[in-house]
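Structure, as structure tokens:
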Amino acid sequence: MYTNEIIKNIEISLIRQIALKMKKYEDGIDLTIGEPVQDLPYGVKVEMSNKVIKEKLGYTQTGGMPELKKEIVNYYNKYFGSDYEIENCLITVGSTEGLSTFIRYFVKKGDEVIMPTPTYPGYAPNIKMQEGVEVYLDTSENNYKLTAEMLENAITEKTKAVILTYPNNPAGITLELEEMDKIADIIRKHDIYVLSDEIYAALAFEKFNSFARYKDLKDKIVVINGFSKSHSMTGYRVGYMLASKSLIADFMKLSQYTTTGVSTVGQYGAIKALQDYPTREEVVLENKERVEFFVKGLEKLGFDVIKPEGAFYVFAGYSKLSKMNSLDFANHIVENTHVGVVPGICFMVENYLRFSITQEIPLLEKALERIEKCLKELKNWKKGI
């Protein structure tokens with residue numbers, strides 16, 4: 001029987017595996033999956049409900065509803081300084097379809113794709129399926145912030161693409177505008193393409209600078225975003241791609257023969273989300289409060305924490321606390337505290353853990369108490385007490 005060895009050797013996400021493991025603990029506190037704690041806006045629920053009750057919803061046209069595309073390009077042009085038109089936008093099944101489409105379109109066998117670490121683990125399997133080469137760019141010397149010099153030094157004649165994620169998952173960091181300008185100059189200089197994954201853009205703690213600002217680079221920079229994180233629409237799977245008109249026309253062909261189309265009711269919900277709730281100030285303040293609470297708690301326990309500048313994750317180093325690798329340490333915490341955490345190796349960084357701060361503060365406080373107890377027991381075990 002024929003089997004595709006590439007697909008056969010790809011494993012289900014380790015994050016999902018740990019999240020599944022957490023299901024068996026009745027007292028579990030799950031800090032694994034990036035599922036926003038807030039519900040989607042009530043007005044969005046009402047809009048979608050009314051559409052389902054009052055209308056017969058069928059397929060939408062290939063590439064997505066023009067009304068939604070209009071709202072998206074207006075949103076990006078207003079808040080992020082771009083000059084997109086409707087033809088620069090493609091609606092996708094979540095931002096995940098966007099990243100898959102980008103990689104399938106640009107990456108061929110042997111092509112190198114640069115990913116500054118820490119990096120989201122969903123990119124690598126897509127690169128493997130295209131027989132591309134993953135190039136992990138170590139940014140630890142600059143506290144995990146990419147610099148233009150680092151990127152320039154990593155580019156080779158085989159480099160086809162660079163994948164950037166800001167605000168970053170798992171660290172929540174962003175790039176300074178001055179550094180982005182230098183990176184844009186490097187993109188102009190080389191025959192490479194950039195995927196700018198901006199799924200957490202609306203959740204930046206301060207003003208977010210998008211790579212969409214570089215209007216002359218639409219042929220080289222592809223922006224992906226969506227509504228899962230910003231508007232808690234994880235179950236509705238509505239995302240989008242922004243790029244040059246010619247690229248979007250080609251991406252649409254890939255999309256048509258991959259998904260046919262995006263949920264109609266979800267697209268109506270996304271339109272309402274951008275019309276009535278374009279910015280998420282209250283959500284950002286809630287996220288920031290929870291994140292800062294958890295950062296302080298972890299620092300008291302001896303973790304070295306990268307200060308997040310957006311999203312709802314905390315990426316914490318534990319080298320002062322344990323010599324275990326991150327997978328073993330994460331499993332130790334999960335099994336002994338029933339607190340779900342993600343090992344740093346998922347993001348190609350060792351001796352770190354990611355905590356998804358998607359619970360209310362009382363539960364976060366309980367999680368910290370359990371972790372503190374676990375660390376004390378681990379310390380006593382080492383001493384032989």
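Values quoted throughout were computed directly from the atomic coordinates according to the rules given, and no laboratory measurement underlies them. Because the structure is a prediction, the values reported are computed rather than measured. No Cβ is skipped: glycine too gets one built from the backbone with ideal geometry, and neighbour counts run over all protein chains shown.
Over the stretch 42-276, what is the mean sequence separation of C-alpha contacts under 8 Å (at least six apart), divided by residue count, expressed as relative contact order in percent?
Working: 423 pairs, mean separation 70.4, N = 235.
It rounds to 30 percent for the stretch 42-276.
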In debye to the nearest 20, the charge dipole size for the chain, taken about the Cα centre with +1 at each Lys and Arg Cβ and -1 at each Asp and Glu Cβ, equals 780 debye
Largest first, please: the extent of the C-alpha atoms of the chain along each principal axis, to the nearest Å. 67, 55, 55
Going by alpha carbons, how many degrees (0 to 90, nearest 10) lie between the helix axis of 326-337 and the longest principal axis of the chain? 70 degrees
Just going by the charge dipole of the stretch 42-276, with Lys and Arg at +1 and Asp and Glu at -1 on Cβ, which of Tyr136, Gln267, Ser210 is farthest out on the positive end? Gln267
By how many degrees, 0 to 90 and rounded to 10, does the Cα axis of helix 281-301 deviate from the longest principal axis of the chain? 30 degrees
Taking only Cα atoms, what is the 0 to 90° angle, nearest 10, from helix 361-383's long axis to the longest principal axis of the chain? 50 degrees
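So which trypsin sites (Lys or Arg not before Pro) in the stretch 49-115 pass both tests, a DSSP loop state and at most 11 other Cβ atoms within 10 Å of the Cβ? Please report the intermediate quantities before stating the final value.
Values: sites: Lys51, Lys54, Lys56, Lys69, Lys70, Lys78, Arg104, Lys108, Lys109; in loops: Lys56, Lys108, Lys109.
The qualifying sites are Lys56, Lys108, Lys109.
Determine the calculated [θ] at 222 nm for the chain from helices alone, applying -39500 (n - 2.57) to every DSSP H run no shorter than 4 residues and normalising by the residue count; nearest 500 deg cm²/dmol. Mind dumping the intermediate values first?
Details: 13 runs with 165 residues, N = 385.
That comes out to -13500 deg cm²/dmol.
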The stretch 257-334: relative contact order from alpha carbon pairs under 8 Å, six or more residues apart, as a whole percent, is 19 percent
